[in-house]
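The values are calculated or read from the model by the stated rules, or taken from the named source; none is laboratory data. Here the structure is a predicted model, which means the values were calculated and not measured. Here the Cβ is made from the backbone with ideal geometry for all residues, glycine too, and neighbour counts use every protein chain on show. Heavy atoms of the whole protein, side chains included, go into the accessibility calculation; ligands, DNA and RNA do not. Shrake-Rupley method; radii C 1.70, N 1.55, O 1.52, S 1.80 Å.
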Amino acid sequence: MRRLFPALFCSLVFSSVAAAAPGAVHCAHLLDVRSGEIRTDQTIVFAADGTITNVGPAKSAVIPPNATAIEVAGTCLPGLIDMHTHVTFDPQDSGYAGLGISVPREAITGVKNARRTLYAGFTTIRNVGASGFTDVALRDAINDGDVEGPRMLVSGPPLGITGGHCDDNLLPYEYHHVAEGVADGPWAARAKVRETIKYGADLIKICASGGVLSKGDLPGTPQYTLEEMIAIAEEAHKLGRKVAAHAHGTQSIKDAIRAGIDTIEHSSLIDDEGIALAKEHGTYLVFDIYNDDFILQEGAKAGMLPESIEKEKKIGRLQRENFRHAFQSGAKIAFGTDSGVYPHGDNAKQFAKMVEWGMQPIDAIRAATLSAALALGWSGKVGTLEPGAYADIIAVQGKSPLADVTVLQSVSFVMKGGAVVRNDQAAAQK
Ligand SMILES: [Zn+2]
């Protein structure tokens, strides 16, 4: 639902910053997201490269020499994945205020929010839209260990039509201002895909339909044509990148799926035919169903345009109803929140919305672990605690997350690649 941001990219390499020494985590309880079972007294052992070598009962665990298992109370589960973030933007950057924010300043905002997101238990994110390739710089700085943050796949500037959701339409004609990702026509769009990948994008983000936080367009109306989206998908796939399409509108969702786009963002006005097409093509749907509450309650204060608030009023509830219908119809759903529309670090608030609108807690957790990993193309590496996966582990206290998903809003332990990021229990013991 964001205004357009230029650029998102992802490196196809994983972070080089990891444990550096073998180690182990002893969990009082552990949620196996695959089976949906909670096991007690489990130990996760990891190697010096930060990947898991064994998971099983503590009594039979072989702890690496010179290592002591880190004791974690509560329930362990894999680090969470958010498929739709904008870490270089804050809610108050909406509307005209955003025009005063430089690219270097945006990069620094990203440093702040990457850390917040990681500390909230999200150890992997897919960032779908940033200006000036700030997301590429942030991803690389995290991978180099210069700043703290989740594993990132990034898109660089999102591609879109002139005057569309991924253009910037706030200034009058005499400023001749065009957003970085604007490309009209199949060949211009192909060239933009190539350029975006040249500067470091891990995936391509496009705007298939209008949006909520942009000026002068409507979420339901198509923007990129089927012909343009076929060209984009073909070019990106040829170069080994997936494509995420912002699509609220009924027709745009179907066109994007038919074009071979990999994930549909927002999916707000999807109909039965669109759901059937998504199932047929194996397309993942990403419904950002938490941020509606924030936009309606806080959006005006944050500087969002009055027309944006009006658009959200019309589309928010429909999106939630269609989320429930798509899930109950068996469509593939991955967890994505559009963070940046609401404050970063609150990403886990969406779990309760997903349960309120038809999912069981394990379904919502799988959307943010196993399913998101599949949608990213990182299955087996993230979103699971199994041999070969990164030791990206979080823990929550109190009730089981299967009994109350809101416990995911306050994680007490975060490990990324075998390195402890936060351990509130240890702090309390000191
Ligand atoms: Zn977005």
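Points to keep in mind about this one:
- Residues being open to solvent by 10 Å² or more (accessible area, probe 1.4 Å) and assigned to a strand (DSSP E or B) - total across segment 61-84: 4
- Meets criteria (acidic (Asp, Glu), at pLDDT below 95, surrounded by fewer than 22 Cβ atoms within 10 Å (Cβ to Cβ) and farther than 20 Å from ARG116 by Cα) for GLU321: no
- Filtered by the rule that a residue be within 23 Å of ALA114 (Cβ to Cβ), part of a loop (DSSP other than H, G, I, E, B), open to solvent by less than 10 Å² (accessible area, probe 1.4 Å) and among the small types (Gly, Ala, Ser), segment 148-202 gives GLY149, GLY156, GLY181, ALA201.
- Being modelled with pLDDT of 95 or more and either within 21 Å of LYS198 (Cα to Cα) or open to solvent by less than 40 Å² (accessible area, probe 1.4 Å) (or both) holds for only one residue in VAL128, VAL55, VAL111, and it is VAL128.
- THR369, sole failed condition from (1) within 24 Å of LEU269 (Cβ to Cβ); (2) touching a residue at least 60 places away in the same chain (Cβ under 8 Å); (3) in contact with a Gly (Cβ under 8 Å, 6 or more places away or on another chain): (1)
- Test: PRO172 is within 26 Å of GLY299 (Cβ to Cβ) and touching a Lys or Arg at 6+ places or on another chain (Cβ under 8 Å): no
- Per-region count, segment 85-135, residues among the polar types (S, T, N, Q), within 16 Å of the ligand (Cβ to nearest atom) and in a loop (DSSP other than H, G, I, E, B): 3
- Some residue of segment 284-291 being over 15 Å from VAL212 (Cα atoms) and open to solvent by 10 Å² or more (accessible area, probe 1.4 Å): yes
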